[in-house]
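Read-outs throughout are calculated quantities, based only on the coordinates presented, and are distinct from any laboratory measurement. Owing to the predicted nature of the structure, the values given are computational and were not obtained by experimental measurement. Methodologically, a virtual Cβ is constructed for each residue, glycine included, from the backbone with ideal geometry; neighbour enumeration extends over all protein chains shown.
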Amino acid sequence: MHSSWTRRASVPVAATLALGLAPGSALAGGTLRIAMTASDVPTTTGAPDNGYEGVRFLGYPVFEGLVLWDLKSADKLADIRPGLAERWEQDAADKTKWVFYLRKGVKFHDGSEFNADAAIWNLDRYYKKDAKQFDPPGGAVAQARNPFVAAYRKIDDYTIEITNPRPLSYFPNMLPYMLYSSPAQFEKTGSWAEFAKAPSGTGPFKITEFKPRVSVTLSRNEDYWDKAKVPKLDKMVLFPMPEPTTRLAALRSGQVDWIEVPPPDAVPSLKNAGFEIVTGSYPHVWPWMLNLAKEDSPWKDVRVRRAINYCLNRDGLVTLLNGLAEPSVGAFKPGDAQFGKPKEHYGYDPTKGKALLKEAGFGPDKPVKAKVMISTSGSGQMLPLPMNEFLQQNLKECGFDISFEVVEWGTMLVALRNAPTAPQALGSDAMNISLPPSTDISQLALYFLSTNAAPKGRNWANWKNEEFDKVIDRIEKSSDPAEILKDTQRAHEIIVDEAPWAFIVHDRNPRAMTKKVKGFVSAQSWFQDFTSVDME
Amino acid sequence: MEDSATLAADPAMALKRAQQGKSYWRRVWERLREDKVTLAVIAVLGMLLIMVVFAPWFTIHDPYAGSVLRRLKPVGTPGHWLGTDEVGRDLWSRMLYGGRLSLLAGVAPVFLALLIGGFLGILAGYAGGLLNSAVMRLTDVLYAFPSILLAIAITGILGAGLQNTILALTISFIPPIIRISESVTTQVRHLDFVEAARASGARRLTIMRYHILSNVLGPILVYATSLISICIILAAGLSFLGLGVTPPSAEWGLMLNNLRQGIWASPLVAALPGVMIFITSMCFNLMSDGLRQAMDVRL
Amino acid sequence: MWAFTLRRLLYAVPVLLGVSMLVFALIHLAPGDVVDILVPPEVPKEIADSLRQRFHLDEQLYVQYVAWLGRLMVGDFGVSFFTGRPVAEELFGALGNTLVLALPAAVLGFLLGIALGALAAYNHGTWLDKLFSATAIIGVSLPHYWVGIVLVAIFAVVLNLLPAQGMGFEGLPTSWEHVQHLVLPVVTLSLIPMGVISRLVRANVLEILSQEFVGTLHAKGLFSRRVLYHTLKNAAPSALALMGLQFGYLLGGSILVETVFNWPGSGGLMNLAIFRRDVPVLSATIVVLAAIFVVINILVDVLQALLDPRMRR
């Protein structure tokens, strides 16, 4: 792309473009330039790296899964919708089996057809270690995000069957994380590294230019199967820009139209300068995971865990962040259907917090000493240093003596994958890490089931609650939506009341954009839909 | 950066220095006393040092206590005359306390490098032969990295923190100091009076102590002072990349990095740490210039 | 002369070997490896470990080193653990981008430095000398990455005259718009070489002018070609040595400025490789940068020796 970088200079360019068009035709959607927080262009093979930000930008716009997110509405939590599969059903006799009926007439960007063979080929890419298209990093990610693919087979040209190791009612919720790339294009290019230079998926955008570390250009896919969702934009150019100050300068100088995560302190001045700040609101906890396995952990007593949740001045923290986060008092938000009715209503209540600490044998002379591992930066971590410094001061008043183990993001990831008692945890009593958004029960199961205790799974806290495990088991086996919702509420109530985490804030996914960006709907999700956007 | 090497590389000067003996240092001192700029700069640095070391006497606010209610207050706010930072901490307190770590990270590596590099360099220069080759060839390996590259590689890999910063910068400054010390020592060693001392049967250690040390230390010291300014900038640069001192410590480079995002909310406050780094680094540069001039016997 | 050059070149080989060993050892001292960063936090240890095996990270360090060295001998830099792209492709692209910055910055810094230094010396003691000397000392005392931020704030955001970040083109700049992308980072980068060279040139020229016969000529107001030649001949070797060093710093030390301007150069590549623990990219980048630095040093030595035969040791 060679669009000009100043606001002033771009006027004549737009004018010449407009002149080239027939007078009657609606103005073309234009080019949207976005600065991402990633430090490199996420992998363009359909298995994006750079965490879920990679999935947001180089996942769904270009590649699709059997199941997708419904990102149309800003009013309710994003749910799943049919994607490359038109519909699916759980085998009534054997609940471990799911049948997916694939959408007909879907073509990859290279013109080849999406069918059951292509679907199976992609499952082999992620799960079959000796397949020639097996993609080690992509496979590792897919297997972690969806560890429940035990077997799969083609039934006919447009039907496939996937088998789970145990009945799992929420299995379809885990499918949007697995995206499908073109086997024909892979054959043509020969390897994933080469495929990355000329990628081909089924999504509303095609990748038309890829410059490593610099940018990637997505263009409208005129032949997109869902006619209602053919993008309005001509092009979308994505730039990796890890430095917040650089992103800010790029937006303000007119080099990009949209930046992800503006620094909170820049928000008022951006508003003054006429930029829009768009935030979402959905469950995405930024917690302290409390180490319950450590021998001398103060958190073993549930009263101390509840006390910290009462002592946190969440509103103060939100002020610090200029409203770019919102208080979190559970894994879901109080307005969500899944929230339930927990007994504990956390809020800033130091009196109650101190009373609980006193019951647990702590007091002004004997503060709760805890060391929290925090990272200097990292995906979804917001501003870990000032935020934690604020909490440290805030909790001191209540009787918590918090110290920090400041580590780099990479070191924290190592610690997360090992047991909380392992040397990699560096003796920490808690870890401040923001994991993928918990928008459905499938995520909560991964975080809190005792069978997923680290190092085996994502339950770093090593929290174990028999009732919770039983409720999840019931949910997995059930197929009645009402029953599932009721049990999800119960599961969430237990998480809140037992407090294996200090729930601090929800990330609001702030982004700043110029007023020229029109038609963007901020869905209640980490992911967003770019097909409705156009440029004025 | 390397320009003081020219001072060391002139054998005639070393000889002159040597011949002048003790009166040389007296003359240096006299010349220094007349150099008003250098004296002023030394006074400023001295004042800075006092204020930084005795920071509690000059501040009322705790540099680590903040409040969200008074974040990023501008310069001139009552009670916080330099304003407050992004967590609402008093900037004046943080500047003074921050000077402790910044000066430490600026001076300690140079000092350590001077001890280690100076020792190795003088040893190599005096002993010559195999020992010289061994030390100098190892130095060449380290010297193949531009110093900032080496420092970034070390802190990037070993992790952030004050200790690693000091370690990394020390390692980056050792090779140039070894080179300078070796070349000065080699030159002085071959001067007539040292040869004469050796011929008259003086013990090696005595020669080392009296003749070489007294004639070699000056140029190395001048060179080392010129490194302090670079070291302060590099240490702050490491913090800027997130590889230096870790929060919540007060340190100028880290403050610069954290306040950067407030550049539109409170530009003056955001600029202050950068200004402090600049002023301090310039003072050290001027001081080093003054020392060099005073020690230059030709003038 | 040829023998001297050849000897210096041969000597670079063990130095670079030492460098590569040091890099390898350093990387493996670090906590964590590429796999920890490559796959997201939710990937459990077991799967991560299988990936580790695939990259041969479970083998002994020396085995990995020897294998790496063996491939390097035949010119194979390997592929990035992270992106799967050939390291040579990534590295030389990035180096090219860095050169696009470093060359103009060096030319600007050196020319300005020589001009300021020489003018200051010829006007020794006047206000012009003081002004130029002050400029030079400011140049070496400013934290240049901070200057970059301030320049962006003023010229890109407030005045909206120049782009705030990025390179905006590939290869060489071919239009005014491309050149505009260069202005701020080049100016930022040229500060230090300007200051350093200017200080050295001033000192050297002053010294030459203080030599008696030149001084006499100069006092008489005679500024002959002979004086100029004499000055150049005597000031050149040490200035040249310093410029070589400074150019090396520009290549290796551009990392801070590249970070500020989001410039896709070798400094940024190295920073990214450190962060990702991408051993093939990191070791290749450092070894190649060090090799360039060593070669520049050799070139400088050879040139110095050509100018001044006494220096052939």
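For this structure, a couple of remarks:
- Cβ crowding within 10 Å averaged over residues, with A:381-392, B:118-129, A:218-229 ranked highest first: A:381-392, B:118-129, A:218-229
- Relative to the globular-protein estimate of 2.2 N^0.38 Å, the Cα radius of gyration of chain C stands at 1.21.
- Spin-label model, A:Asp480 to C:Ala3: label points 7 Å out along the Cα-to-beta-carbon direction sit 9.8 nm apart.
- The mean count of C-beta atoms from other chains within 10 Å of the C-beta of residues in C:84-96, rounded to a whole number, is 2.
- Test item: A:38-51 mean partner chain Cβ contacts at 10 Å: 2
- Prolate/oblate/rounded call for segment A:63-189, Cα gyration tensor, a/c under 1.5 rounded: rounded
- Packing-based order for B:233-243, A:111-121, using average beta carbon neighbours within 10 Å, highest first: B:233-243, A:111-121
- Exposure proxy order (Cβ contacts within 10 Å, fewest to most) of C:Glu59, A:Glu405, A:Glu64: C:Glu59, A:Glu405, A:Glu64
- Note that segment A:213-224 has calculated 3J(HN,Hα) couplings of 6, 10, 6, 9, 10, 10, 10, 4, 8, 4, 9, 4 Hz, one per residue in order, obtained from phi through the Karplus relation 6.51 cos²θ - 1.76 cosθ + 1.60 (θ = phi - 60°); glycine and proline are x.
- Under Karplus coefficients 6.51, -1.76 and 1.60, residue-wise ³J(HN,Hα) of segment A:370-381 in Hz, glycine/proline x: 8, 10, 10, 7, 10, 9, 6, 6, x, 4, x, 7
- Under 5 Å between amide hydrogens, built in the peptide plane, is the criterion, and for A:Ile80 it picks out A:Asp70 among residues at least 5 positions away or on other chains.
- Amide proton proximity set for A:Lys369, modelled H, under 5 Å, gap of 5+: A:Asp401
- Principal-axis tilt of helix A:466-477 within chain A, Cα atoms, nearest 10 degrees: 30 degrees
- You can think of it this way: the chain between A:Lys396 and A:Thr208 has 62.3 nm of extra reach, that is 0.36 nm per residue less the Cα-Cα gap.
- Peptide A:382-392, shielding by other chains (average Cβ, 10 Å cutoff): 4
- Counting only lysines at least 8 places from A:Lys366 when in the same chain, those with an alpha carbon closer than 27 Å to its own are A:Lys294, A:Lys300, A:Lys352, A:Lys354, A:Lys358, A:Lys396.
- Order of C:Leu206, A:Leu123 under a 10 Å beta carbon neighbour criterion, fewest first: C:Leu206, A:Leu123
- Stokes-Einstein diffusion coefficient of segment A:209-354, Kirkwood radius over Cα pairs, 37 °C, 0.692 mPa s, in µm²/s: 168 µm²/s
- Spin-label pair C:Leu111/A:Asn272, simplified geometry with 7 Å Cα→Cβ offset, distance in nm: 4.0 nm
- Computed over chain A, the alpha-carbon pair-distance distribution with 10 angstrom bins reads 4, 17, 27, 26, 17, 7, 2, 0, each value a whole percent.
- Rounded to 5, percent antiparallel among DSSP beta bridges of the protein assembly as shown: 70 percent
- Ordering of C:180-191, A:239-250, C:130-141, A:422-433 by packing is A:239-250, C:180-191, A:422-433, C:130-141, highest average first (other Cβ atoms within 10 Å, averaged per residue).
- Placing unit charges on each Cβ (+1 for Lys and Arg, -1 for Asp and Glu) gives chain A a dipole about its Cα centre, and among A:Phe171, A:Ser450, A:Tyr346 the Cα reaching farthest toward its positive end belongs to A:Tyr346.
- FRET E, pair C:Ala25, A:Ser450, Förster distance 30 Å, beta-carbon r, rounded to 0.05: 0.15
- Nonlocal amide H pairs with A:Leu102, under 5 Å, H built at 1.01 Å: A:Glu86, A:Thr159, A:Ile160
- Taking the centroid of alpha carbons for each part, segment A:234-258 and segment A:263-339 are 27 Å apart.
- When the protein assembly as shown is described by a simple charge dipole with +1 on each Lys and Arg Cβ and -1 on each Asp and Glu Cβ, the residue from C:Val39, B:Pro267, A:Tyr158 located farthest towards its positive end is B:Pro267.
- Debye-sum result for segment A:161-254 in log10 I(q)/I(0), which assumes one identical scatterer on each alpha carbon, at q = 0.13, 0.19, 0.20 Å⁻¹: -0.70, -1.06, -1.09
- Cβ-Cβ distance of A:Ser377 and B:Asp62, R₀ of 25 Å, FRET efficiency by 1/(1 + (r/R0)^6): the value works out to about 0.40.
- Rounded if a/c under 1.5, otherwise prolate or oblate - the protein assembly as shown, Cα gyration tensor axes: prolate
- Chain C: DSSP helices with Cα axial extent of at least 30 Å and average Kyte-Doolittle hydropathy no lower than 0.5: C:2-29, C:87-122, C:176-210, C:279-307
- Alpha-carbon centroid distance for the pair segment A:365-438 / segment A:499-529, whole angstrom: 24 Å
- Aspartates and glutamates with Cα under 16 Å of A:Lys95, excluding same-chain neighbours fewer than 8 positions away: A:Glu161, A:Asp473, A:Glu476, A:Asp480
- In terms of surrounding Cβ atoms within a 10 Å radius of their Cβ, C:His56, A:His506 rank from fewest to most as C:His56, A:His506.
- For the cross-link pairs A:Lys343/C:Lys45; A:Lys333/A:Lys369; A:Lys72/A:Lys333, the ones whose C-alpha atoms lie over 31 Å apart are A:Lys343/C:Lys45.
- Within straight-line cross-link reach of A:Lys515, lysines at Cα separation under 20 Å, skipping those fewer than 8 residues along the same chain: A:Lys232, A:Lys235, A:Lys271
- The distance separating the Cα centre of segment A:148-186 from that of segment C:116-156 comes to 65 Å.
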